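Below is one structure, written out as structure tokens, with a few remarks after it.
Each value in this text was obtained by applying a stated rule to the coordinates, not by laboratory testing. Note that the structure is a prediction, hence the values are computed from the model and not measured. Please note: Cβ atoms are built from the backbone with ideal geometry, for glycine as well, and neighbour counts cover all protein chains shown.
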Amino acid sequence: MGDCVIRASKLAKWFGEGDARTIAVRDADFEVRYGEMLYIVGPSGSGKTTLLSMISGILKPNGGQVTIEGRDIWAMTDDELADLRLKKIGFVFQDYHLFPRLTTLENVAIPLILKKMEWNEAMRNALQYLEIVGLKERAELQPVKLSGGEQQRVAIARAIAGQPDILIFDEPTASLDGDTGRKIVEFIKTRILNDKRCVIIVTHDSRIYEYADTIMKMEDGRITGLETNHLHEK
Amino acid sequence: MTGLFRIAFKLLVNDRSKFTALLVGITFAVFLMVMMMSMFSGILSRSCAPVYNIGAKVWVMDPAVNNTVSSIPMPDYVLSSARSIKGVSYAVPLYYGGAQVKLRNGSYQSVTVIGLDDTTLFGRPELIEGRIEDIFAENGFLVVKDAEYSKLGSPPIGSELEINDNRASVVGIAKVASSGLFGVPTLYTTFSRAITYIPTTRFTTSFVLIEPRSTGDIPGIQREIARLGYEALTRQQFVDKITAFYTYKTGMGTNILLMTSISFLVGLSISGQTFYTFILENLEKFGAMKAIGAKGRELVTMILFQAFFTSLTGYGLGVGAASSFMLLMRMRMPDYAAQLTFSILGFALLMVTIIAGVSSYIGVRKVLQIQPFDIFRG
Ligand SMILES: Nc1ncnc2c1ncn2[C@@H]1O[C@H](COP(=O)(O)OP(=O)(O)OP(=O)(O)O)[C@@H](O)[C@H]1O
Ligand SMILES: [Mg+2]
């Protein structure tokens, strides 16, 4: 595995004040390297999404530090942070969040358009990514016309269209049947992950554990274990 | 940025039902506002038409007079006193009254008769047929060729009408800048003939028209006339007085204001509400765009674009509908009074901008508030 991309140290996040305060994440220390596929697993409410949001520049921690390629992201301005997310990070949300009134192609092109790419070029580019996820023929359809697994792949195409270094998935297989879920993760592992990228997946789904390089366990806001998957040691 | 506008446009237009509702709401509001104000403005300008047509710089009248139709006759000394006021170049009497004309077929038609000063013919209209001197010929009358002309059976020069058992012969056809409010034909004759043909009260002068030596003399003239117990108004002041009468004393102004405000509020609520649901429906997606890396101001621009695009399109449709309607009406009804002015267009545009502003403000607030983390958590 390559160099370290993300380093989190002493990350903490709590919600509410006084008696109502819940500590979602405490004292989280870990790092992610290029070429790594990291899983974050743990029971519901253990702080996985919160942690993911803090390392991807979406949720400001109450304490600790996150660096991406050596830069302290929470010292950046909002605009710098937005730029960082646009250029370095690709998100796949659990319920995809595709615009229902746009075609799949236009949905995939959104990061490119945000990067100020000219419209036709953005569409040409987006089509390549749809091809990568095997949905080139569905380019002109609206997302609602696609199956859940296909929508997931459109969301993946959108996430990788901006050529990010870091890909973040929250529960990518939660709403898919076992087979489709496995296929998607296998696809991510073989086609999307490379040694200039890292993939972080939050999941409950033990059927897909075999694809992980590292599995990080969380419980009650704490990181309770870090396992390297020896099946994949090359 | 153009790409984002295109995305914003597609998000809006592809949502057919909401986009239609938005357009219908705004078009409807603009149509109503424009119609209402045009009607009002048309009626006002018609009611002031005689003041412009006669064209005198200063009008002397009884202070109780609110418009040209309801003139109150003044004694002769007002005219002679006016003539002796310093700064008056000349002063002439004007007769302005109504009469019944008996037509060839035996039916009666109301007309307005304007009697011009016998020596100067001050305030005479432009003739399109005939010679002005013929107004002095026996029974000489001029007929104004406007939308009302046909109500007299479109009499050509040489034809005869009957006013109070007096014979009136048409000696000229005139045209005026704008026609009056009440939809009756207008006849011009001399002052002396007017008061002999038409039964009058003891006093006969409806207005005294004054030509001042210079505009600087007007305030002095007004003071002197006021001393006589009468009122001297400049053309603009008289127009303003008539306007104020119709606007405030008849309740027409408040009514129009009320209707316009209601159309505005209806438009605002329909489009504000629809736009709000539109934003709410896409809110999570906007949140997702934020997570992906869209900046707040980019999303704001998209929303402003959507709001203003819809509003201006609705404005165009509304103004188009209103003006075609007016055109159509004018083809059917020559007297149709509504007139579309630039200030009405400007005002409606302002109202539409407010609708767009308010709608987008609500949307913008929502979108700026949405936290990508909440989207992420699902
Ligand atoms: N905005 C918030 N306000 C209050 N509490 C919150 C908020 N977000 C998260 N929490 C709390 O923080 C804790 C961790 O939440 P988080 O969503 O990170 O858990 P998770 O591990 O992702 O759970 P799941 O597997 O159900 O998605 C939970 O106890 C949750 O109730
Ligand atoms: Mg979660």
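Efficiency by 1/(1 + (r/R0)^6): what FRET value for B:Arg223 and B:Tyr276, r their Cβ-Cβ distance, R0 = 60 Å, to the nearest 0.05?
Details: r = 60 Å, r/R0 = 1.00.
The computed FRET efficiency comes out at 0.50.
The calculated 222 nm mean residue ellipticity attributable to helices in the protein assembly as shown amounts to -14500 deg cm²/dmol, summing -39500 (n - 2.57) over DSSP H runs of n ≥ 4 and dividing by all residues. Karplus-derived 3J(HN,Hα) values for region B:274-281, using 6.51 cos²θ - 1.76 cosθ + 1.60 with θ = phi - 60°, are 5, 5, 4, 5, 4, 5, 4, 5 Hz; glycine and proline are entered as x. Summarising the label geometry, the points placed 7 Å from Cα in the beta-carbon direction at B:Val13 and A:Lys87 lie 3.4 nm from one another. Between B:Phe182 and B:Ala244, the contour length at 0.36 nm per residue exceeds the alpha carbon distance by 20.5 nm. Between B:Leu328 and B:Gln369, the distance separating the two model label sites (each 7 Å from Cα on the Cα→Cβ line) works out to 4.3 nm.
Longer than 31 Å from Cα to Cα, which of B:Lys86/B:Lys175; A:Lys145/A:Lys217; A:Lys10/A:Lys189; A:Lys48/B:Lys295; A:Lys13/B:Lys18 are they? Say none if no pair is.
B:Lys86/B:Lys175; A:Lys145/A:Lys217; A:Lys13/B:Lys18
Distance distribution P(r), region B:208-305, all Cα-Cα pairs, bin width 5 angstrom from 0: 3, 10, 11, 10, 8, 7, 6, 6, 6, 6, 6, 7, 6, 5, 4, 1, 0 percent. Applying the Karplus relation 6.51 cos²θ - 1.76 cosθ + 1.60 with θ = phi - 60° to region B:181-195 yields 3J(HN,Hα) values of 7, 8, x, 10, x, 10, 10, 10, 8, 7, 4, 5, 5, 4, 7 Hz, where x marks Gly and Pro. For the protein assembly as shown, the calculated P(r), taken from all Cα-Cα distances in 20 Å bins from zero up to the bin holding the longest distance, is 17, 31, 17, 16, 15, 4, 0 percent. The Cα center of region B:291-315 and the Cα center of region B:347-378 differ in position by 8 Å.
Between B:Asn164, B:Asn255, B:Asn105, the residue with the greatest mean-square fluctuation in the GNM of chain B (Cα pairs under 10 Å linked by springs) is B:Asn105. Relative to its Kirkwood radius, the Cα radius of gyration of region A:90-185 gives an Rg/Rh of 0.94. Pairs of Cα atoms nearer than 8 Å and 6+ residues apart set the relative contact order; for chain B it is 29 percent. In order along region B:151-168, phi translates into HN-Hα couplings of 5, 9, x, 6, x, x, 4, x, 7, 10, 10, 10, 10, 6, 6, 9, 8, 10 Hz, rounded to whole numbers, per the Karplus curve 6.51 cos²θ - 1.76 cosθ + 1.60 with θ = phi - 60° and x for Gly and Pro.
Given in Å, the Rg to one decimal and the Dmax to the nearest whole number for the Cα atoms of region B:316-364 are 14.7, 48. Once the Cβ-Cβ distance of B:Lys57 and B:Thr119 is raised to the sixth power relative to R0 = 25 Å, the FRET efficiency obtained is 0.85.
Defining a contact as two alpha carbons under 8 Å apart and six or more residues distant in sequence, what relative contact order in percent does region B:132-215 show? With pairs under 8 Å counted, the relative contact order is 34 percent.
Regarding chain B, what is the average projected area of its C-alpha convex hull, in nm²? Show your work: numbers first, answer last.
Values: hull surface 99.1 nm².
Reported value for the Cα convex hull: 24.8 nm².
Legend: ranking of residues B:Ile157, B:Ile270 from fewest to most surrounding C-beta atoms inside 10 Å; resulting order B:Ile157, B:Ile270. For chain B, set up a GNM with springs between Cα atoms under 10 Å and report which of B:Thr190, B:Thr200, B:Thr247 has the largest fluctuation. Residue with maximal mean-square fluctuation among B:Thr190, B:Thr200, B:Thr247: B:Thr200.
For region A:128-234, the mean projected area of the C-alpha convex hull, equal to one quarter of the hull surface, is 7.8 nm². Counting Cα-Cα pairs of region A:1-85 in 10 Å increments starting at 0 gives whole-percent bin shares of 17, 47, 30, 5, 0.
Along its first, second and third principal axes, ordered by size, region B:268-358 spans 62, 22, 17 Å in Cα coordinates.
Quick check on the exposure proxy: order A:Glu171, B:Glu126 from fewest to most C-beta atoms within 10 angstrom. Walk me through the intermediate numbers first.
Working: A:Glu171 20, B:Glu126 10.
Fewest to most other Cβ atoms nearby, the residues stand as B:Glu126, A:Glu171.
Taking 0.692 mPa s as the viscosity and 37 °C as the temperature, the Stokes-Einstein diffusion coefficient of region B:75-229 based on its alpha-carbon Kirkwood radius rounds to 199 µm²/s.
Under the 0.36 nm per residue contour assumption, what length would be gained going from the current alpha-carbon distance of B:Thr254 and B:Glu126 to full extension? It would help to have the intermediate numbers written out before the result.
Values: separation 128, 0.36 × 128 = 46.08 nm, distance 3.69 nm.
Length gained between B:Thr254 and B:Glu126: 42.4 nm.
Excluding same-chain neighbours fewer than eight residues apart, the lysines reachable from B:Lys241 by a Cα-Cα span under 24 Å are B:Lys57, B:Lys249.
According to the Cα gyration tensor, what semi-axes, each the square root of 5 times an eigenvalue, does the equivalent ellipsoid of chain A have, listed from largest to smallest in whole Å?
Values: eigenvalues 164, 85, 61 Å².
After scaling each eigenvalue by five and taking roots: 29, 21, 17 Å.
Remark: spin-label model distance B:Tyr108-B:Arg213 equals 4.9 nm, labels positioned 7 Å along the Cα→Cβ axis.
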